[in-house]
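What follows is a single structure, written as structure tokens, with notes after it.
Bear in mind that the values in this text are calculations on the coordinates, not laboratory data. Note that the structure is a prediction, hence the values are computed from the model and not measured. Neighbour counts run over all protein chains shown; Cβ positions are idealised from the backbone, glycine included.
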Amino acid sequence: DAKTTQPPSMDCAEGRAANLPCNHSTISGNEYVYWYRQIHSQGPQYIIHGLKNNETNEMASLIITEDRKSSTLILPHATLRDTAVYYCIVLEYNNNDMRFGAGTRLTVKP
Amino acid sequence: DVKVTQSSRYLVKRTGEKVFLECVQDMDHENMFWYRQDPGLGLRLIYFSYDVKMKEKGDIPEGYSVSREKKERFSLILESASTNQTSMYLCASSFLDRAGQPQHFGDGTRLSIL
């Protein structure tokens, strides 16, 4: 029962912004949107999360639509090291069962 | 920065062996988790713990047990390893009852059972 929908793959030129979309049309009011990424053979790396407002940290920005049914992760200046699978997850804060879908495989090209 | 450390990156064991996977976190997190990750199946929760000596079953606890004797350490035990337990095992930790706080993962242990 997938709660999120992401494109299977995307390409981005090095130095350009990478915009990764995620649809979560059935999100409920107390569910957060989390983004993780996983580089081959490593554990998932937390990137950013949000509830209603847009968020920014040193890694990325998260834009959540006003109706909360979709969001976009923005990597402002993609580098080759950003090549990874990116996962968008919706989860209530007291729900411990984190489930990753297929994610988006982002390839940053020189 | 949060640090979740798993004792081994790669491990090879034989069928029937008792296998211990160790995980340590340095952020004073109450919650700790063990997942396995398999191609096409995503992440599946095996066990989690919200306090010392407390444990809760996840989706796939059969064939596994856990131990949490200290807050910072959470061990996963394969009682009698079988080939279908060959997988990537991921440990994670998080705060309890802090709204929205994310889980942080270790680098994983790739376990092969021969």
Most exposed to least, judged by fewest other Cβ atoms within 10 Å, A:Leu51, A:Leu20 sort to A:Leu51, A:Leu20
Three-way shape call for the range B:1-45 based on the alpha-carbon gyration tensor, with the a/c threshold at 1.5
oblate
Principal axis extents for chain A, Cα atoms only, whole Å, descending order, please.
40, 29, 23
Would you kindly state the longest site-free stretch of chain A, with sites defined as GluC sites (Glu not before Pro) in a DSSP loop (not H, G, I, E, B) surrounded by at most 10 other Cβ atoms within 10 Å?
A:1-57
Please compute the contact order of chain A in relative form: average sequence separation of alpha-carbon pairs under 8 Å and at least six residues apart, divided by the residue count, as a percent.
37 percent
Three-way shape call for the range A:48-104 based on the alpha-carbon gyration tensor, with the a/c threshold at 1.5
oblate
Across the residues of B:103-114, average count of Cβ atoms on other protein chains within 10 Å?
3
In the Gaussian network model of chain B, springs joining C-alpha atoms below 10 Å, which of B:Arg44, B:Arg36, B:Arg14 carries the largest mean-square fluctuation?
B:Arg14
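According to the square roots a ≥ b ≥ c of the eigenvalues of the Cα gyration tensor, what is the shape class of chain B, taking rounded for a/c under 1.5, prolate for a/b larger than b/c otherwise, and oblate for the remainder?
It comes out prolate by the Cα gyration axes.
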GNM top mover of B:Ser93, B:Ser80, B:Ser67 - chain B, alpha-carbon springs below 10 Å:
B:Ser80
Largest first and to the nearest Å, give the Cα extent of the range B:37-88 along each principal axis.
32, 23, 16
So which cysteines of chain A have no other cysteine's Cβ under 4.7 Å from theirs?
A:Cys12
Can you sort B:Met32, B:Met88 by how many other beta carbons sit within 10 Å, fewest first?
B:Met88, B:Met32
The protein assembly as shown pair-distance distribution - Cα-Cα, 5 Å bins, rounded %
1, 7, 14, 18, 18, 16, 12, 8, 4, 1, 0
